[in-house]
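A.B. asks: Pasting a structure here, questions to come.
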Amino acid sequence: MTAEQPDDMALYNSWRNLDSGASAQMRRVASPDELLDIPAFYRFIQPFGWYDNKYFLLRQVFCLSSGQSVITHTDKPISLGKALRLSDKINERRIMQLVRSDSPNDMVQLRRLIIHVEPTLNWPMLARQLHYWGKNNKRQLLEDFVLAQPDSAK
């Protein structure tokens, strides 16, 4: 774990092992900023360097708080865009809405997509995307979505 980026898998595993009361409090929020009003959020992220990683951790926990087992990690190099495409539950128009949205609506839409799809993806890849979330990473999400082909099409 560095001062710039915490250990992605440690955070993911901590979320999966978090007690149900604390995780339920965080799942009830409607926007990332609402996490800032929950003491359990600060207790959860404290070991991961809150002061050095505020916005990254806020985005990452907001996506994780979509559910205890909504995001499943795989060691395969599956990005979020590819996972959304392979799910066959999301159309290109919804991805375009996300790409064109500004903060915090982009994160709210992203979380809704995650809840709907319950993706299996490479968590560190998504964590890096959330770390640098902005115009370029939204474009990367779109690119990964459009270029990914379902297994049946190969």
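A.B. asks: Give the carbon-plus-sulfur fraction of the accessible surface of the stretch 70-154 in %, rounded to a whole number; probe 1.4 Å, heavy atoms of protein chains only.
C.D. replies: Values: 2130 of 4750 Å².
Of all accessible area on the stretch 70-154, carbon and sulfur atoms account for 45 percent.
A.B. asks: Return the lysines within reach of Lys54: Cα separation strictly under 24 angstrom, same-chain partners fewer than 8 residues apart disregarded; answer none if there are no such residues.
C.D. replies: Answer for Lys54, where 24 Å is the Cα cut-off: Lys135, Lys138, listed by chain and number.
A.B. asks: Return the single residue from Gln25, Gln60, Gln129 with maximal mean-square fluctuation; model: Gaussian network over the chain, springs between Cα atoms under 10 Å.
C.D. replies: Highest fluctuation of the listed residues: Gln25.
A.B. asks: If you roll a 1.4 angstrom probe over the protein chains with everything in place, what fraction of the accessible area of the stretch 19-67 belongs to carbon and sulfur, to the nearest %? Don't skip to the end; give the middle numbers.
C.D. replies: On the way: 1160 of 2350 Å².
So the carbon and sulfur contribution to the accessible surface is 49 percent.
A.B. asks: Starting from the Cα-Cα distance between Arg93 and Asn136, subtract it from 0.36 nm times their residue separation and give me the gain in nm to one decimal. Provide the component values of the computation, followed by the final result.
C.D. replies: Numbers: separation 43, 0.36 × 43 = 15.48 nm, distance 1.83 nm.
Once the chain is fully extended between Arg93 and Asn136, it gains 13.7 nm.
A.B. asks: Compute the separation of the alpha-carbon centres of the stretch 1-80 and the stretch 89-109 and state it in Å as a whole number.
C.D. replies: With the stretch 1-80 and the stretch 89-109 each reduced to a Cα centre, they are spaced 20 Å.
A.B. asks: Could you give me the ³J(HN,Hα) list for the stretch 90-103, computed from phi with Karplus coefficients 6.51, -1.76, 1.60 and θ = phi - 60°, whole Hz, x at Gly and Pro?
C.D. replies: The phi angles translate into 10, 9, 4, 4, 5, 5, 4, 4, 5, 4, 8, 7, 9, 5 Hz.
A.B. asks: What number comes out for accessible area per residue over the chain if the probe is 1.4 Å? Units Å², please.
C.D. replies: I get 54 Å² per residue for this part.
A.B. asks: If I take R0 = 41 Å and measure r between the Cβ atoms of Ser31 and Gln149 in this structure, what FRET efficiency does the formula 1/(1 + (r/R0)^6) give, to the nearest 0.05?
C.D. replies: Working: r = 34 Å, r/R0 = 0.83.
Between Ser31 and Gln149 the formula returns 0.75.
A.B. asks: Can you list residues whose amide H is under 5 Å from Thr120's amide H, if they're 5+ apart or on another chain and H is modeled 1.01 Å from N?
C.D. replies: Thr72
A.B. asks: Given Cα pairs under 8 Å that are at least 6 residues apart, what percent is the relative contact order of the chain? Each step should come with its number before you reach the end.
C.D. replies: Numbers: 184 pairs, mean separation 47.1, N = 154.
Dividing the mean separation by the residue count of the chain yields 31 percent.
A.B. asks: A further question on this structure: Given the DSSP H assignment, sum -39500 (n - 2.57) over each helix run of at least 4 residues in the chain and divide by its residue total; what's the result at 222 nm in deg cm²/dmol, nearest 500?
C.D. replies: On the way: 9 runs with 87 residues, N = 154.
Calculated at 222 nm, the ellipticity per residue is -16500 deg cm²/dmol.
A.B. asks: I've got another one for you. At a probe radius of 1.4 Å, what is the per-residue accessible area of Met125, in Å² to the nearest 10?
C.D. replies: Approximately 60 Å² for this residue.
A.B. asks: Specify the angular offset, from 0 to 90 degrees and rounded to the nearest 10, of the alpha carbon long axis of helix 105-117 from the longest principal axis of the alpha carbons in the chain.
C.D. replies: 70
A.B. asks: Another one. Sort Arg16, Arg139, Arg43 by heavy-atom solvent-accessible area, probe 1.4 angstrom, most to least.
C.D. replies: Working: Arg16 100, Arg139 125, Arg43 165 Å².
The ranking, largest first, comes out as Arg43, Arg139, Arg16.
A.B. asks: Give me the net charge of Asn137's neighbourhood, meaning all other residues with Cβ under 11 Å from the Cβ of Asn137; Lys, Arg count +1, Asp, Glu -1. Could you put the intermediate results ahead of the total?
C.D. replies: Numbers: positive: Arg59, Arg128, Lys135, Lys138, Arg139; negative: Asp106, Glu143, Asp144.
The answer is +2.
The values are calculated or read from the model by the stated rules, or taken from the named source; none is laboratory data. Because the structure is predicted, anything quoted here is derived from the model rather than measured. Heads up, the Cβs are rebuilt from the backbone with ideal geometry, glycines too, and the neighbour counts pull from every protein chain shown. The protein model used for the area step is the full one, side chains on, heavy atoms only, and it has no ligands, DNA or RNA in it. Shrake-Rupley method; radii C 1.70, N 1.55, O 1.52, S 1.80 Å.
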